[in-house]
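Read the structure below first, then the notes.
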């Protein structure tokens, strides 16, 4: 099951062009070694052996390349989350899996490969399309779980659905946003488990 | 009502010495203007007109001076929080006031005077005594509210008290820790209000 985050901002030329993938892959390696902020499109061009003008045929900026890397990584996280959720039989269990797999996969992605954290941090703090699409997708999944739990009698129905969803997302957020997660890393995996239980107590009918 | 956070680590000589206050006040102004990290004890000595050796009679390091500034500020926040809490008649209302006044006063203290944020950030990330004493005090207040609400029948009693307290502190933490609060600033004041309501739903008997 693949849940592609549609992000193509700043991309140019034919969508399925092989060179595009080559650029993204080489850029990813280069950013990992030297950092996203320190790398220029000229550095990338030199490294890959393409002209700068040729790279600009596919991406209109360094950020557009960063977006493509970010979107690919976040799609990978989302695939893992959907896989974890698919194994749940109740809305309660689905919520736990959504939250805990998100935190686990984000921590792996952002912090085991520390240079990826840098691109993710840019994406969040500059409000890139990749981050916004990711956050929207999580909110949609959360709302669907709440709806399912309300319909099945697992969750309370007094609180307006949008308020419940918003407040739950707010307590999940510090474990999802990489800029905040870095200060919660030494509280894993217990903290998100306890927060998930608190959320589920708040949803009790 | 004053709730002094007892922090005297790294302080020397007579406790009520006037010169100590002079040093702290001058250091506070100097840090505010030039930043904590960039200032040395030699800079401070030159600014105040004391010898470095004389300053070391009262504080054993720059951090000890920073601690004194931090503890004074956090005591000020705590005074405001206790004042807000004193006006509440129920555990529910006391919890709301604890959380919301903490966030409001922290945001004022750390972000209206941006240079104070820098000392607070050092205090949290390096685990200074001032931060640890402050966090412990908040946890004690929270536990006392939970106990009061359980005894009065306002709150549920099934969840172990320490687990309830720990999980609530975890969802409050991103609004209290200045390093994380900076990413929540544009969500004030609505976000902590909605999180407080979520917490209170989780406490319903």
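Bear in mind these aren't lab numbers, they're just calculated from the coordinates by the rules spelled out. No experiment lies behind these values; they were computed from the predicted model shown. Reconstructed Cβ throughout: ideal geometry from the backbone, glycine too, with neighbour counts over all protein chains shown.
Return the single residue from B:131, B:42, B:101 with maximal mean-square fluctuation; model: Gaussian network over chain B, springs between Cα atoms under 10 Å.
B:42
Between residue A:89 and residue B:61, take the C-beta separation as r, use R0 = 51 Å, and let me know the FRET efficiency to the nearest 0.05. Intermediate results must be reported in sequence, preceding the final value.
Details: r = 58 Å, r/R0 = 1.13.
Computed FRET efficiency for residue A:89 and residue B:61 comes out at 0.30.
Looking at the square roots a ≥ b ≥ c of the eigenvalues of the Cα gyration tensor of the range A:25-69, which shape do they give, rounded for a/c under 1.5, prolate if a/b is larger than b/c, or oblate?
Because a/c hits 1.5 or more and a/b fails to exceed b/c, the range A:25-69 counts as oblate.
Angle between the Cα long axis of helix A:62-86 and the longest principal axis of chain A, 0 to 90 degrees, nearest 10?
Tilt of helix A:62-86: around 30 degrees.
Treat the count of other C-beta atoms within 10 Å as a stand-in for reagent exposure and order B:41, B:77, A:171 from fewest to most.
Arranged by neighbour count, lowest to highest, B:41, B:77, A:171 become B:41, B:77, A:171.
Given label points at 7 Å from Cα along Cα→Cβ, what nm distances, shortest first, separate residue A:187 from the same residue in every other copy?
Relative to the other copies, residue A:187 has label-point distances of 1.2 nm.
Contact order normalised by length for the range A:61-139, with contacts defined as Cα pairs under 8 Å and 6 or more residues apart; what percent is it? It would help to have the intermediate numbers written out before the result.
Working: 51 pairs, mean separation 27.1, N = 79.
Computed over the range A:61-139, the figure is 34 percent.
To the nearest 0.05, what FRET efficiency results for residue A:157 and residue A:182 with a Förster distance of 35 Å applied to their C-beta separation? Mind dumping the intermediate values first?
Values: r = 37 Å, r/R0 = 1.05.
The formula returns an efficiency of 0.45 here.
How far is it, in nm, from the label point at residue A:25 to the one at residue B:34 when both lie 7 Å from their Cα along the line to the Cβ?
Simple spin-label model gives 5.4 nm for this pair.
Could you calculate, for the range A:112-191, the ratio of the Cα radius of gyration to the Kirkwood radius, expressed as Rg to Rh?
Details: Rg = 15.0 Å, Rh = 14.3 Å.
Across the range A:112-191, the Cα-based Rg/Rh ratio is 1.05.
State, to one decimal in nm and shortest first, how far the label point of residue B:152 sits from each corresponding label point in the other identical copies (label point: 7 angstrom along Cα-to-Cβ).
So the distances to the same position in the other copies read 3.7 nm.
Order these by the 10 Å Cβ neighbour count, fewest first: A:33, B:20, B:46, B:187.
Fewest-to-most ranking of A:33, B:20, B:46, B:187: A:33, B:46, B:187, B:20.
Over the range B:66-202, what relative contact order in percent results from Cα pairs under 8 Å that are six or more residues apart? List each step's numbers first, then the result.
Values: 112 pairs, mean separation 39.4, N = 137.
With pairs under 8 Å counted, the relative contact order is 29 percent.
Can you list the distances in nanometres, one decimal and ascending, from the residue A:79 label point to the identical position in each other copy, with the point 7 Å along Cα to Cβ?
5.8
Only counting other Cβ atoms within 10 Å, I'd like A:67, A:104 sorted with the fewest neighbours first. It would help to have the intermediate numbers written out before the result.
Details: A:67 26, A:104 18.
The fewest-first ordering by Cβ neighbours comes to A:104, A:67.
Once a ≥ b ≥ c are taken as the square roots of the eigenvalues of the Cα gyration tensor of the range B:101-154, is the result rounded (a/c under 1.5), prolate (a/b larger than b/c) or oblate (a/b not larger than b/c)?
Note, shape of the range B:101-154 comes out oblate.
Treating the angle as unsigned and between 0 and 90°, give the value, to the nearest 10°, between the Cα long axis of helix B:161-172 and the longest Cα principal axis of chain B.
60 degrees
Nearest 10 degrees is fine. How inclined is helix A:129-151 to the longest principal axis of chain A, computing both from alpha carbons?
Approximately 20 degrees, to the nearest 10.
Restricting to DSSP H runs of at least four residues, report the calculated mean residue ellipticity at 222 nm for the protein assembly as shown, -39500 (n - 2.57) per run over all residues, nearest 500 deg cm²/dmol. Intermediate results must be reported in sequence, preceding the final value.
Values: 20 runs with 270 residues, N = 410.
My calculation for the protein assembly as shown gives -21000 deg cm²/dmol from helical runs alone.
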